[in-house]
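For reference, the structure is listed below as structure tokens.
What follows is calculated from the coordinates using simple rules that are stated; it is not laboratory data. Keep in mind the model is a prediction, meaning the values are calculated, not measured. All Cβ positions, glycine included, derive from the backbone under ideal geometry; neighbour counts span all protein chains shown.
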Amino acid sequence: LPRLGVIGLGKMGLLHLGIHSALAGEPLSAACEKDAVVARIARKAIPYLNVYDDYVTMLSRENLDGVIVTTPAQTHAKIILELVATDNRISLFVEKPLAVNHDEAKKICESVGRSNSVYMVGLQKRFAPTFSKAKEIVAKGEIGEIQFFKGHVFSSDVLSGGEGWRLKSGSGGVAVDLGPHIIDLILWYFGEPSKVTGLSKSLYSSVEDYVHATFEFQNSLIGSIDMSWSIRNFRLPELYLEAHGTNGALVVSDDFVKVQLDNAGMNMPAGLHVFRRPELQPSVPFLLAEPEFTLEDIAFRTALSNQKSSEPSFLAGAKVVEITDAILGR
Ligand SMILES: NC(=O)c1ccc[n+]([C@@H]2O[C@H](COP(=O)([O-])OP(=O)(O)OC[C@H]3O[C@@H](n4cnc5c(N)ncnc54)[C@H](O)[C@@H]3O)[C@@H](O)[C@H]2O)c1
């Protein structure tokens, strides 16, 4: 069994701690949390967990194969560089975004460039049933040559001023926080764009609350997306993408994939095909939050056991950051 430690016992840290413990059939025993109050509560609530206040000490004392980094985005680069400097064979799973700007992302990729360990970014939409089904349909060319796409990622998270690292310049903004999910899907489905532009606006916070981005590709595909966490009535964030091609159209969200084909495709007859999430839902050995989190954690564990890399890799995560920088004009 891979021996794993978690850095940052916030929302995502506790989620991955829970899933990995269930998958392993035994609790993880190493964690690091900087906030003294959270660390004290964690020590009391989870007595088998050795909670460190410093991850370099955790790494040198615990005999770990991999570390899961679930701290705020602006801390990722510093933490990863220090972990790799301490143990250049440690495998890493880092929650999205890999880093808050491309300079940092590049440094991270250079620091791990010569090692064969596993380096994965938590862009779990690739493991979500509807988005992975849509990938399969796009990759098979069912809707023909894709001409344009449009999409959005919306939430109601910021409808008034607030506090926290997500709303701080340099660490936050909707393109850095929610954006990676939709940008990663665009790269995964359509490849790398040749030109990207963006427009952004602050509405309630001092960072970008609304961002519009356009994409152009070598093969004449074009597309646009809107990203905002200041749209009313989204109890959960919604990710939506539609692609129009020479043989039809595809619409995908967290809940469904709809495909309308003019003529029979490679594997699908002409007409309307609707796949709803419950029908596509994969069975997972342990369900906490959505199955995609369990599936990405299984992918990380499998990659560790096989000593083979797994997507989305650090390079894929760095590409997302590069596109985000281009959208934000920095
Ligand atoms: N994949 C997703 O859908 C998804 C969803 C939410 C958040 N995230 C990402 O997960 C990461 C964490 O987000 P969150 O919502 O769990 O944040 P959070 O604020 O709930 O938790 C972060 C924790 O890290 C701790 N921390 C900060 N610096 C530290 C350090 N140097 N050493 C040890 N601990 C430290 C904080 O005290 C806090 O407890 C971010 O990168 C975020 O973008 C991903």
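So here's what we get for this one:
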read-out	value
Relative contact order (%) - criterion: Cα under 8 Å, at least six apart; region: the chain	21
With Cα atoms, 0 to 90° folded angle of helix 314-327 axis to the chain main axis	60
Sorted by Cβ density within 10 Å, fewest first, the residues 48, 240, 210	48, 240, 210
Residue-by-residue Karplus 3J(HN,Hα) for region 229-234, coefficients 6.51, -1.76, 1.60, Hz, glycine and proline x	9, 10, 10, 5, 6, 10
Region 176-330: relative contact order in percent, alpha carbon pairs under 8 Å with at least 6 residues between	21
For region 9-33 and region 94-131, distance of Cα centres in Å	19
Prolate/oblate/rounded call for region 1-79, Cα gyration tensor, a/c under 1.5 rounded	rounded
Exposure proxy order (Cβ contacts within 10 Å, fewest to most) of 109, 32	109, 32
Kirkwood-type radius of the chain, with distances r between different C-alpha atoms, in Å	20.7
Order of 268, 12, 120 under a 10 Å beta carbon neighbour criterion, fewest first	268, 12, 120
Spin-label pair residue 201/residue 82, simplified geometry with 7 Å Cα→Cβ offset, distance in nm	4.0
J(HN,Hα) series, region 64-80, from Karplus relation 6.51 cos²θ - 1.76 cosθ + 1.60, nearest Hz, glycine and proline x	9, 8, x, 10, 9, 9, 10, 9, x, 3, 6, 9, 4, 4, 4, 5, 5
Inverse of mean 1/r across different Cα pairs in region 220-323, Kirkwood, Å	17.2
Shape box of region 99-157 [Cα atoms, principal axes, largest first, Å]	40, 34, 23
Tail weight of P(r) past 16 Å, computed on alpha-carbon pairs of region 267-330, percent	68
Integer Hz, Karplus 6.51/-1.76/1.60 couplings in order for region 14-30, x for Gly and Pro	5, 4, 5, 4, x, 5, 5, 4, 5, 5, 6, x, 7, x, 5, 10, 10
Bins of 10 Å, starting at 0 and running to the largest distance - Cα pair percent for region 121-193	15, 42, 26, 13, 3
Per residue Cα convex hull volume in Å³ - calculated over region 140-283	129
Per-selection metrics, region 38-120 (Cα): Rg and Dmax in Å	13.4, 40
For region 242-330: relative contact order, % (alpha-carbon pairs under 8 angstrom, 6 or more apart)	13
Antiparallel bridges, percent of DSSP beta bridges restricted to the chain (to nearest 5)	60
Estimated inter-spin distance, residue 61 and residue 1, nm [label 7 Å along Cα→Cβ]	2.1
